[in-house]
Each structure stands twice: as structure tokens, then as C-alpha cells.
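> Pasting a structure below so you can have a look.
We did not get these values from a lab; they are worked out from the coordinates using the rules stated. Note that the coordinates shown come from a computational prediction; the quantities given were computed from them, not determined experimentally. Note that we place each Cβ from the backbone using ideal geometry, even for glycine, and neighbour counts take in every protein chain shown.
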Amino acid sequence: MDGDLKIANSTNGRYPAAASKIKSEIANFYSNASEIIDILGRFRDKVIKKISDPDKRKKILLDIVKDIDFYHFGKSHKNQIEEFKDEISKWF
């Protein structure tokens, strides 16, 4: 899996081939997550710079991701990512 999302998996040595297959399936499942995480990371940077209250900052950061379905996001319609970028930009 490329990008900033890192997910670890292991079979504790019991069946490495299964771990490899699971890793491949997870990478496929979240194939577009790195682009979304990049957008979210830039948004987070702005929130940190502009919102000094840690509780308010935390609420904003949690609110923005609570309804994201990372699996379906962008799978069927690539323009969802552009719409998401537009939505995020409205916050500032």
C-alpha cells in the first residue's frame, strides 16, 4: 500500500501466504485512500494553524471524517474526490 496509510497485518508466522493475500486485499480495498488522506492532511494542517482551541480542533477533525466511507469513496465516481476537495475548502 503506497501513501500515508499504513495497516499492519500478521498471522504470527502461522501462514505467511495468508498474510500476504490479506495485505493485497486490504490494499485493493483502500486503493484510493492515499489521495483522500492527502486531502485530509492538508485540511488538518489548516485546522491546526487556524484553530487554537484543542477541543474545537478535535471536534472539527472528527466531524469531517465521521461520514466518510473510505471503501466506496471515489470507487465509482472519480469526481467525488473533487467534490470532497470543494467541500473541505468551504471550511476556510
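> Before rounding to the nearest 500, sum -39500 (n - 2.57) across all DSSP H runs of length at least 4 in the chain and divide by the residue total; then give [θ] at 222 nm in deg cm²/dmol.
Computed mean residue ellipticity for the chain: -19000 deg cm²/dmol.
> Of LYS58/LYS85; LYS23/LYS46; LYS6/LYS49; LYS46/LYS66; LYS6/LYS59; LYS6/LYS85, which ones are farther than 27 Å apart at the Cα?
Violating the 27 Å limit, Cα to Cα: LYS23/LYS46.
> Charges only on Cβ, +1 for Lys and Arg, -1 for Asp and Glu: so what's the dipole of segment 32-89 about the Cα centre, in debye to the nearest 20?
Approximately 300 debye in magnitude.
> Related question: Given that just one value was derived from the coordinates, which of (i) 112; (ii) 93; (iii) 140 is volume of the Cα convex hull per residue in Å³?
Computed from the coordinates, volume of the Cα convex hull per residue in Å³ corresponds to (i).
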